[in-house]
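Enquirer: The structure under discussion is supplied below as structure tokens; questions concerning it will follow.
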Amino acid sequence: MISPGPDAAHLETSPPIYDVDASDPRGTLVDRSGMAAEEVAQVTRVMAALGALREAEQRLSEASRRYMKLNETDMRALHFLIVCSNRGTIATPGAIAQHLNISSASTTKLLDRLEKGAHIVRSPHPTDRRALAITITPETYEAAMETVGRQQAKRFYSGARLNSDEREVVIRFLEDMTREIAITDELWAREE
């Protein structure tokens, strides 16, 4: 049996924003006519737990950015550079741009900011004279790993406490939910 986490009490006392009966009382968005009240209540608890997780992740992300004095894109770039460093992969501006899904100009500004803050080093690429190699400084690597990274890594333990079958159920659920809410071709979500 898995014990509830520290936010379990919060789930019981939080406003019913994840309660489908409160959010959609007439069943306009979600048809639950074939479900028992207990099933609807259990799905509501799942949604509330996901909401609490999202809030915890947002608080952690905000604290991480405050601690490192960087914005979200900067933090994502540093995480990418840490992974490249750990794998012995050479990071290039192009790879960073592709990972972050930003333009070349935005990547240059990002790298300028990170270099000015002594978070990265630009150097000639060892095999491609047209490219640069981008590395995270040892000080930033250590600071990120021992603070933000250590806190983020605690997620692993939640997965490790599950048995193999439970993990597969969670994976299937999360992948299914991702497919359900993925924006595909909705007109209202298009960029102008």
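Enquirer: Identify, please: which residue in the range 110-149 is within 22 Å of the chain's Cα centre (by Cα) and of a type in the set (Asp, Glu) and is, among those, farthest from PHE80 (Cα to Cα)? Spell out how you get there, then give the answer.
Expert: Taking the range 110-149 first, the residues within 22 Å of the chain's Cα centre (by Cα) are 110-111, 114, 119, 136, 140-149.
In the following step, the residues that additionally are of a type in the set (Asp, Glu) were identified as 142, 146.
Numbers: GLU142: 15, GLU146: 16 Å.
Result: GLU146.
Enquirer: Being closer than 15 Å to ARG76 by Cα, out of contact with any strand residue (DSSP E or B) (no Cβ under 8 Å at 6 or more places or on another chain) and either of a type in the set (Phe, Trp, Tyr) or open to solvent by less than 50 Å² (accessible area, probe 1.4 Å) (or both) narrows it down to one of LEU111, LEU100, so name that one.
Expert: LEU100
Enquirer: Sticking with this structure for a sec: Within the range 84-91, can one find any residue that is touching a helix residue (DSSP H, G or I) at 6+ places or on another chain (Cβ under 7 Å), without any contact (Cβ under 8 Å) to a residue 40 or more places away in the chain, open to solvent by 80 Å² or more (accessible area, probe 1.4 Å) and in a helix (DSSP H, G or I)?
Expert: Checking the range 84-91: not a single residue is touching a helix residue (DSSP H, G or I) at 6+ places or on another chain (Cβ under 7 Å), without any contact (Cβ under 8 Å) to a residue 40 or more places away in the chain, open to solvent by 80 Å² or more (accessible area, probe 1.4 Å) and in a helix (DSSP H, G or I).
Enquirer: Could you please give the count of residues in the range 15-65 that are under 18 Å from ILE181 (Cα atoms) and hydroxyl-bearing (Ser, Thr, Tyr)?
Expert: 4
Enquirer: Name every residue in the range 1-47 that is over 20 Å from SER158 (Cβ atoms), charged (D, E, K, R) and either modelled with pLDDT under 90 or not in a helix (DSSP H, G or I) (or both), in order of residue number.
Expert: Scanning the range 1-47 gives ASP19, ASP21, ASP24, ARG26, ASP31, ARG32.
Enquirer: Can you go through SER64, SER123 and tell me which one is polar (S, T, N, Q), exposed (fewer than 15 other Cβ atoms within 10 Å of the Cβ) and not in a loop (DSSP other than H, G, I, E, B)?
Expert: SER123
Enquirer: For the range 28-61, enumerate the residues that are of a type in the set (S, T, N, Q) and open to solvent by 60 Å² or more (accessible area, probe 1.4 Å).
Expert: THR28, SER33, GLN42, GLN58
Enquirer: Another question, if that's okay. Please enumerate the residues belonging to the range 96-114 that are among the aliphatic types (A, V, I, L, M) and touching a Phe, Trp or Tyr at 6+ places or on another chain (Cβ under 8 Å).
Expert: The answer is ILE96, LEU100.
The values are calculated or read from the model by the stated rules, or taken from the named source; none is laboratory data. None of the values given here were measured: they were computed from a predicted structure. Every residue, glycine among them, receives a Cβ derived from its backbone with ideal geometry; neighbour counts consider all protein chains shown. Just the protein is used for accessible areas: all its heavy atoms, side chains included, with ligands, DNA and RNA removed. Shrake-Rupley method; radii C 1.70, N 1.55, O 1.52, S 1.80 Å.
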